[in-house]
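Take a look at the structure below.
Every number in this text was worked out from the coordinates using simple rules, so none of it is lab data. All figures in this text were calculated on a predicted structure; none of them were measured in a lab. Virtual Cβ from ideal backbone geometry, glycine too; neighbours counted across all protein chains shown.
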Amino acid sequence: MSDNVKVSVNHLTKKFGDLLVLNDVSFEVMDGDLLCVVGPTGCGKTTFLNSLVNIYQITSGEILLDGKQVNTKEQNIAYIFQGDSTMPWLTVEENVRFGLNLKKISSGEKKERVEKYLDIVGLTKYRNYYPKQLSASMLQRVSISRAFATEPELLLMDEPYGQLDIELRFKLEDELVKLWEMTKTTVIFITHNIEEAVYLGNKIMVLTNKPTTVKETLVNDLPRPRDIASPKFVELRNQVTELIRWW
């Protein structure tokens, strides 16, 4: 894992009118990290991601990607939202190719990437299906493969598996880990599920209740594939749970 700083957040503050949501947030994400961000319900995790990509204009502070101000027009950032973000009028293959059509790459490379990521997430035989013909977990696979096909320098994921049942969630988490290990993409993954954070992240950042700041960042060096029943897994899960308690 590289020690280069990929994302640097310095004194990030975000207010909505008089409501202080993010309060002087500072941290660094290293190149190749899979950082899981957890915190109390309603603490502003989504506001934090939206601030990262300038959906929300920050009140003060700065967010740097590779030492430069974040600019989504110039930098290759992918964002997977909560729920389904596929385009219903496009087939699975066309959805995966969509982001590539916006980039200056050859048709041969586009084809190669689409084939590669359809195969990795097990959607090759569904390439000509439309979103309305797919299950919720398959729709999320489309979103994941579309994001990774652009080979982003930073991938943001906002509780992408929150609406899925446990079995489907674990399958998609395993696919994400496989893609992350293969591509070494830097990932910031927002979740309210502590077990998911411990299962996925090589680092876990715990946020406080509003006004939100960073409470603690833990290094998670548990071996992969991770065993959710192992004593060390349970110990780390309990540690994160205690950190999130704010009452």
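Side notes on the structure shown:
- E242/T41 FRET efficiency (R0 22 Å; Cβ-Cβ; nearest 0.05): 0.85
- Think of the chain as having a plus end and a minus end, set by charges on the Cβ of Lys, Arg, Asp and Glu; of L102, N50, T241, L102 sits farthest toward the positive end of this dipole.
- Using θ = phi - 60° and Karplus 6.51 cos²θ - 1.76 cosθ + 1.60, couplings along segment 237-242 (whole Hz; Gly, Pro as x): 4, 5, 5, 5, 4, 5
- This structure gives Kirkwood radius over Cα pairs in Å, computed directly, and of (i) 18.7; (ii) 20.1; (iii) 17.7 that value is listed as (i).
- Entry note, the chain: the mean residue ellipticity at 222 nm calculated from DSSP H runs of n ≥ 4, each adding -39500 (n - 2.57), is -10500 deg cm²/dmol after division by the residues and rounding to the nearest 500.
- Long-range amide H partners of L207 with built H, under 5 Å: V38, G39, K215
- The magnitude of the dipole of segment 1-117, with charges of +1 and -1 set on the Cβ of Lys/Arg and Asp/Glu and taken from the Cα centre, is near 340 debye.
- E109 sits among other residues whose Cβ lies under 12 Å from its own Cβ, and their net charge, with Lys and Arg +1 and Asp and Glu -1, is +4.
- Counting lysine pairs in segment 1-113 whose alpha carbons fall under 23 angstrom apart, excluding pairs fewer than 8 residues apart on the same chain, gives 16.
- Charge sum, other residues only, whose C-beta stays under 12 Å from G99's C-beta, Lys/Arg counted +1 and Asp/Glu -1: +3
- Its Cα centre serving as origin, the chain has a Cβ charge dipole (Lys and Arg +1, Asp and Glu -1) of approximately 560 debye.
- Taking amide hydrogens as placed 1.01 Å from N in the peptide plane, the amide H of T186 sits under 5 Å from those of G32, L155, each at least 5 positions away in sequence or on another chain.
- Computed label-point distance, nm, for sites K103 and E74 using a 7 Å Cα→Cβ extension: 1.9 nm
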